[in-house]
1. What size of dipole, in debye to the nearest 20, comes out for the chain about its Cα centre when the only charges are +1 on Lys and Arg C-beta atoms and -1 on Asp and Glu C-beta atoms?
2. Can you give the relative contact order of the chain as a percent, counting alpha carbon pairs under 8 Å and 6+ residues apart?
3. Using 0.36 nm per residue, how much length does the chain from Ala144 to Val82 gain when fully extended, once their Cα-Cα distance is taken away?
4. Pulled fully out, how much extra length does the chain show between Leu93 and Ile118, if you take 0.36 nm times their separation in residues and subtract their Cα-Cα distance?
5. Using only the Cα atoms of region 46-95, build the gyration tensor, take square roots of its eigenvalues as a ≥ b ≥ c, and label the shape rounded, prolate or oblate: rounded if a/c is under 1.5, else prolate if a/b is larger than b/c, else oblate.
6. Starting from the Cα of Leu102, step 7 Å along the direction of its Cβ; do the same at Val21; then give the gap between the two resulting points in nm.
7. In whole Å, what are the Cα extents of the chain along the three principal axes, biggest one first?
8. From the helices alone, meaning DSSP H stretches of at least four residues, give me the mean residue ellipticity at 222 nm for the chain, per-run term -39500 (n - 2.57), in deg cm²/dmol to the nearest 500.
Amino acid sequence: MEAIKKLAGAYLVGISVVVAVFFIINLFLVGAINVLAVWHVLDVLMLIGLALGMGFNYIHKKRASDREAGDSVSRGYLEANVTFYATTVITILFLHNWFAFLATGDVSQGDNHTPWVIWAVVDTVLPIVLGVTGCRLWREAARA
């Protein structure tokens, strides 16, 4: 299991770095490369990362939730719940925008800028959430 955690952790950290860097520099690359084609590839890689993040964060949340009703909230409990629910929110936003794009095939959306704002939120928060999850998985695997 430690090898799987280490591999998943490395993937999550890697995709976090790639998404964050490409989100920052993609405006400079618009004329040089087909930026949208790169985002199409990154979308699939982000979906895999979100699925891994949801799975591992759910397991982490489940373990942290094994406490008595009268116990106070610990740091581990809070971290597990925040990362799980943050991953859930980002996954919902990602899937909403991605499915809308796949259904319509239109990236311009006319005067409606809401999808671009949602993508900006996803591309900003996803690297943080998946990066934290990946680092935690790597540390857990190294400790075992």
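Bear in mind these aren't lab numbers, they're just calculated from the coordinates by the rules spelled out. Note that the structure is predicted; figures quoted are calculated from it, not measured. We place every Cβ from the backbone using ideal geometry, glycine too, and count neighbours over all the protein chains shown.
1. 580
2. Relative contact order of the chain: 52 percent.
3. Stretched fully, the Ala144-Val82 segment lengthens by 19.9 nm.
4. 8.3 nm
5. In terms of gyration-tensor shape, prolate.
6. According to this spin-label approximation, the distance is 2.8 nm.
7. In descending order, the Cα extents are 54, 30, 23 Å.
8. Per the formula, -28500 deg cm²/dmol.
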